[in-house]
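Working notes for the structure below.
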Amino acid sequence: MPVMTYREAVAQALREALDEDPRVFLMGEDIGPYGGAFAVTKGFWDQYGQERIKDSPLSESVIVGAGVGAAMAGLRPIVELMTINFSLLAMDQIVNHAAKIRYMSGDQFSVPLVIRTVTGGGASVAATHSQSFEGWFASVPGLKVVVPSTPRDALGLFRTVRDLEDPVIFIEHILLYGTHGEVPDNGYKIPLGKAEVTRAGSDVTIVSFSRMAQVSLEAAEELAQEGIQAEVIDLRTLRPLDADTMVESVQKTHRAVVVEEASGLGGFGGEIASQLQERAFDYLDAPVRRVSGEEVPIPYSRPLELLAIPDAHKVAQAVREAINR
Amino acid sequence: MAIAEQQRLGKTELLGFYRMMRLIREFERECERQYTRGNIRGFLHVYTGEEAIAVGAISALKPEDYVVTHYRDHGHALARGLSPNAVMAELFGKATGCSKGKGGSMHLFDASKNFMGGYAIVGGQLPIATGLALASQQKGEARISLCFMGDGALNEGEFHESMNLAAVWNLPVIFFCENNLYGMGAPSATTLAVHQQMYKLAEAYGIPGHRVDGNDVLAVHELMRELHQYVSTGNGPVFVEAQTYRLQGHSIADPANYRPAEEVEYWRSRDPIPRFQQWLMAEGLASEEEIAQIDAAVDEEVVAAAEYADSSPFPEPADLYRGVYQD
């Protein structure tokens, strides 16, 4: 099976969309000759031309809003917001308009818009460039929120997303671009709202998404050395949310640890924990534990940054506490 | 009145302008009556006093052009040809409304008329109108995007972002500012640095800026015909400032006590409807009898709209969950 990086998988997904659908065009800051802030669209400008690779001003709101309008007119814009931190400058268009137009118009208009953006910390770029807002978007009916953690998932999920008739926030992780993974070459698609059990285990269920799903797998390896068999679930999409897969797992393991990169208060992990206690309370042998980012802005200094963001050791420790309770 | 325009427009069109302005005026009166009866809820922002803009501007468009507007949108909707029945039913929250009762007064939509919506976050409609124009350009179509905004929107960042993007990408959009001197209760004199010359803001973006008497339906129409020709032939965006006035408060809850009586009186004397009516009669284009016939027909149409809305069903409980996503 071919191996590629997460960056290459996203780039391939975009190329397929451009090659196969003439309605598709890309719009974003420095996605043209510069090649994208994370080099995802390197070479696209030369290959597809400036009409389909639209290099935009630094104007997040109108980039997204123009995507909304173009989508209403029947095109398939794919908008890049350089990082999720900058999405705050486009929140009006994303939340008040993209997410609402189908409903408020009585289902007369569709907004088939894909917004790609980059979440997460750990790149030493400090508090304004290290945030994880995927949970915020997941709280908005009318949006779909996709958070792939592997090259295979990024490609397979994007193939599904690009054919949807509703706005999607497709959230890539800043530290995953250089990671490698096997990617089938059979044109597979991955549906939204279908979590994956990425590691089978019988002692505890770790539920996570985006990069923390990979961190959770690392933790599971560490725990296996101690004889603890953790089952790891990668949600892959937050809205729609596949609660069935995690509930079924907890019915088997009787313990759950929820891992997310954002800080915990008001975080999406609380929703996961809530659904588990509502639907699997009678199966739980211990309270659902949460591992979240610390309740601080992400600091620049490397030792402090490492403390602020969950790692495999913290996840493993939470699992031990859940099991030893 | 703009005399040149009269030479292009026949009596039918001119009386049509009068009829539509009267329809909007009477429709809004009926809305206020229905609000006090509790049939219309929430916010109600009437267009009274600004009718010449919607009628003059939208009549210069082609059916394929896009209309995007703000929350004071009843006048634009009616001028674009949405049925008074469907608009009134929407205000009543009925299933037969133009947005199936989901949007209400501030969020009127009609895909069949390319009426792309009323948007209730000030300035939020500008990026969307810009994107519709981008779609026309990408597809090689001649259709343009007409985007209404109030003067309050000029203070939003989305105004700057949209004007700039439309300019650098040469997009076929008309940004149309209805300058009624107030953003809610705040006079533009205290909120906008260039309040006396709003149209000059366009210069900063290299966009042609125009100013027109927004209470003169023919002047608005004549300007818009020229601009439609200009914008639909690849010359890029334009900006229009139309000077007008809300004859009512910001919303039905606003008695507008902050406005000097002499100011209101001045603008009442410039009310676009009697003004146009007098002109029609002075030019021999309409008799008193013809005017009375139109007025009576409009009154009946509005009464019928209220009856239609009243007798229409509310959405079903199951409709709550429909249309969040594609089914």
Output for the range A:194-212, where each listed residue is of a type in the set (A, V, I, L, M, F, W, C) and either surrounded by fewer than 24 Cβ atoms within 10 Å (Cβ to Cβ) or over 15 Å from A:D242 (Cα atoms) (or both): A:A195, A:V197, A:A200, A:V204, A:M212
Scan of the range A:279-294 for residues that are assigned to a strand (DSSP E or B) and of a type outside the set (D, E, K, R), ordered by number: A:V291, A:S292, A:G293
Flag for B:A95 being facing another protein chain (nearest Cβ under 10 Å) and surrounded by fewer than 24 Cβ atoms within 10 Å (Cβ to Cβ): yes
Leading residue by the ranking (farthest from the other protein chains (Cβ to nearest Cβ)) among those in the range A:66-115 that are assigned to a helix (DSSP H, G or I) and of a type in the set (S, T, N, Q): A:N85
Residue ID - farthest from the other protein chains (Cβ to nearest Cβ), chosen from residues in the range B:148-167 that are acidic (D, E) and not in a loop (DSSP other than H, G, I, E, B): B:D151
Selection status of B:A309, touching a residue at least 12 places away in the same chain (Cβ under 8 Å), away from every other protein chain (no Cβ under 14 Å) and closer than 16 Å to B:M20 by Cβ: no
Positions within the range B:59-78 being in contact with a strand residue (DSSP E or B) (Cβ under 7 Å, 6 or more places away or on another chain), part of a loop (DSSP other than H, G, I, E, B) and more than 22 Å from B:G183 (Cβ to Cβ), in sequence order: B:L61, B:D65
Count of the range A:213-235 residues which are surrounded by fewer than 23 Cβ atoms within 10 Å (Cβ to Cβ) and part of a loop (DSSP other than H, G, I, E, B): 5
Residues that are of a type in the set (G, A, S) and either modelled with pLDDT under 95 or in a helix (DSSP H, G or I) (or both), drawn from the range A:295-321: A:A308, A:A312, A:A316, A:A318
Residue count, the range A:47-61 (criterion: assigned to a helix (DSSP H, G or I) and either touching a Gly at 6+ places or on another chain (Cβ under 8 Å) or surrounded by fewer than 22 Cβ atoms within 10 Å (Cβ to Cβ) (or both)): 3
Which listed residue, of B:G101, B:G81, B:G56, is outside any helix (DSSP H, G or I) and under 24 Å from B:Q277 (Cβ atoms): B:G81
Residue check for B:S162: crowded, with 24+ Cβ neighbours inside 10 Å and either more than 23 Å from B:T244 (Cα to Cα) or modelled with pLDDT of 95 or more (or both): yes
Residue in the range B:141-152 that is of a type in the set (F, W, Y) and either free of Cβ contacts under 8 Å to residues at least 40 places away in the same chain or touching a Leu at 6+ places or on another chain (Cβ under 9 Å) (or both) present: no
Extreme residue, farthest from B:A142 (Cα to Cα), among residues of the range B:40-53 that are assigned to a loop (DSSP other than H, G, I, E, B) and within 15 Å of the chain's Cα centre (by Cα): B:L44
Count of the range A:163-183 residues which are in contact (Cβ under 8 Å) with a residue 12 or more places away in the chain, in a loop (DSSP other than H, G, I, E, B) and out of contact with any Leu (no Cβ under 9 Å at 6 or more places or on another chain): 7
Residues of the range B:170-195 that turn out to be surrounded by 18 or more Cβ atoms within 10 Å (Cβ to Cβ) and closer than 23 Å to B:P237 by Cβ, as a count: 13
Some residue of the range B:129-147 being within 14 Å of chain A (Cβ to nearest Cβ), in a helix (DSSP H, G or I), of a type in the set (D, E, K, R) and touching a Ser or Thr at 6+ places or on another chain (Cβ under 8 Å): no
Residue under evaluation B:V122, criteria (1) hydrophobic (A, V, I, L, M, F, W, C); (2) facing chain A (nearest Cβ under 9 Å); (3) part of a loop (DSSP other than H, G, I, E, B), criterion not met: (2)
Any hit, the range B:199-222, residues being within 14 Å of chain A (Cβ to nearest Cβ), within 20 Å of the chain's Cα centre (by Cα), within 24 Å of A:L89 (Cα to Cα) and not small (G, A, S): no
Scope the range A:254-274; condition assigned to a helix (DSSP H, G or I) and over 23 Å from A:N324 (Cα atoms); matching residues: A:F268, A:E271
Filtered residue count, the range A:1-26, keeping only those that are aliphatic (A, V, I, L, M) and in a helix (DSSP H, G or I): 7
Restricting the range B:1-39 to residues that are modelled with pLDDT under 95 and in a loop (DSSP other than H, G, I, E, B), the residue that is surrounded by the fewest Cβ atoms within 10 Å (Cβ to Cβ): B:G10
Condition check for A:G178: in the same structural domain as A:L88 (by TED's automatic domain parsing), surrounded by fewer than 22 Cβ atoms within 10 Å (Cβ to Cβ), modelled with pLDDT of 95 or more and touching a strand residue (DSSP E or B) at 6+ places or on another chain (Cβ under 7 Å): yes
Hits in the range B:208-261 (condition: acidic (D, E) and part of a loop (DSSP other than H, G, I, E, B)): B:D216, B:D254
Filter result for B:S59 (within 14 Å of chain A (Cβ to nearest Cβ) and at pLDDT 95 or above): no
Test result for A:G293, surrounded by 15 or more Cβ atoms within 10 Å (Cβ to Cβ), without any contact (Cβ under 8 Å) to a residue 40 or more places away in the chain and under 19 Å from the mean Cα position of the chain (by Cα): no
Matching residues in the range B:277-297 - criterion: being loosely packed, with under 15 Cβ neighbours inside 10 Å, closer than 25 Å to B:R29 by Cα and of a type in the set (A, V, I, L, M, F, W, C): B:M281, B:A292, B:A296, B:A297
Count of the range A:42-52 residues which are closer than 14 Å to B:L134 by Cβ and more than 9 Å from every other protein chain (Cβ to nearest Cβ): 1
So B:V302, is it out of contact with any strand residue (DSSP E or B) (no Cβ under 7 Å at 6 or more places or on another chain), in a helix (DSSP H, G or I) and buried (at least 18 other Cβ atoms within 10 Å of the Cβ): yes
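The values are calculated or read from the model by the stated rules, or taken from the named source; none is laboratory data. The model shown is predicted, which means the values in this text are computed figures rather than measured ones. FYI the Cβ positions are ideal-geometry reconstructions off the backbone, even for glycines, and counts take in every protein chain you see.
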